[in-house]
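Below: the structure, in structure tokens.
The values are calculated or read from the model by the stated rules, or taken from the named source; none is laboratory data. Note that the structure is a prediction, hence the values are computed from the model and not measured. Virtual Cβ from ideal backbone geometry, glycine too; neighbours counted across all protein chains shown.
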Amino acid sequence: MNTREHNLSLLHHWREAVPDDRLAHLIRDVARAQMRALQQRLAQHDVSFGHWTFLRILWIKDGLTQRELSEFAGVMEPTTFNAVKAMEAMGFIERRQLAGNRKNMHVFLTPAGRKLQNVLVPLAEEVNHISVRGMSDKTITLVRTSLLAMIENLAAEDGTSAAPSPD
């Protein structure tokens, strides 16, 4: 099944098969569809979605330790280690120790990794624009406000911080 057929099947599912199903399922499917659309665009530049996640963080805060990068990305350290190794081999980042701290390895963007920001961010913006096509500014604001409130409610329920991720 190609992407278009999958999306039409998903749309049928939500509109006709289970119109009153839980919000969590709907939110998950929107996120998956957005991720799939972005993955297709990133692949044209030989960047995986996993690498996108780490690059996005490093564009905001370069020089993080691998542990900090794992925490910001919400993944386990071995996952970060493997991604960092691959991105280093691709020339996007470099790892180095800082003077006076031989313990921690810090991750820094290379010029090539920094240049990717101007290429890849517009792809993510394109996916966002496509996903809200036909929606009024008022509706988009309402959806955004509602999703943020849901994040805050769930964070309060489990006692975690509702601080946004660095993207």
Quiz item: Hey, any hits in the stretch 60-81 for a residue that's modelled with pLDDT of 95 or more, among the hydrophobic types (A, V, I, L, M, F, W, C) and touching an Asp or Glu at 6+ places or on another chain (Cβ under 8 Å)?
Solution: yes
Quiz item: Among the residues of the stretch 97-131, which ones are within 25 Å of Arg36 (Cα to Cα), over 17 Å from the mean Cα position of the chain (by Cα) and of a type in the set (Gly, Ala, Ser)?
Solution: Ala112
Quiz item: Can you find a residue in the stretch 137-149 that is out of contact with any strand residue (DSSP E or B) (no Cβ under 6 Å at 6 or more places or on another chain) and more than 23 Å from Ala24 (Cα to Cα)?
Solution: yes
Quiz item: Out of (1) touching a Ser or Thr at 6+ places or on another chain (Cβ under 8 Å); (2) in contact (Cβ under 8 Å) with a residue 24 or more places away in the chain; (3) over 24 Å from Arg32 (Cα atoms), what's the single condition that is false for Glu94?
Solution: (2)
Quiz item: Looking at Arg133, Arg102, which one is free of Cβ contacts under 8 Å to residues at least 24 places away in the same chain and in a strand (DSSP E or B)?
Solution: Arg102
Quiz prompt | Selected residue (criterion: farthest from the chain's Cα centre (by Cα)) from residues of the stretch 64-85 that are more than 10 Å from Phe54 (Cβ to Cβ) and among the hydrophobic types (A, V, I, L, M, F, W, C) | solution = Phe81
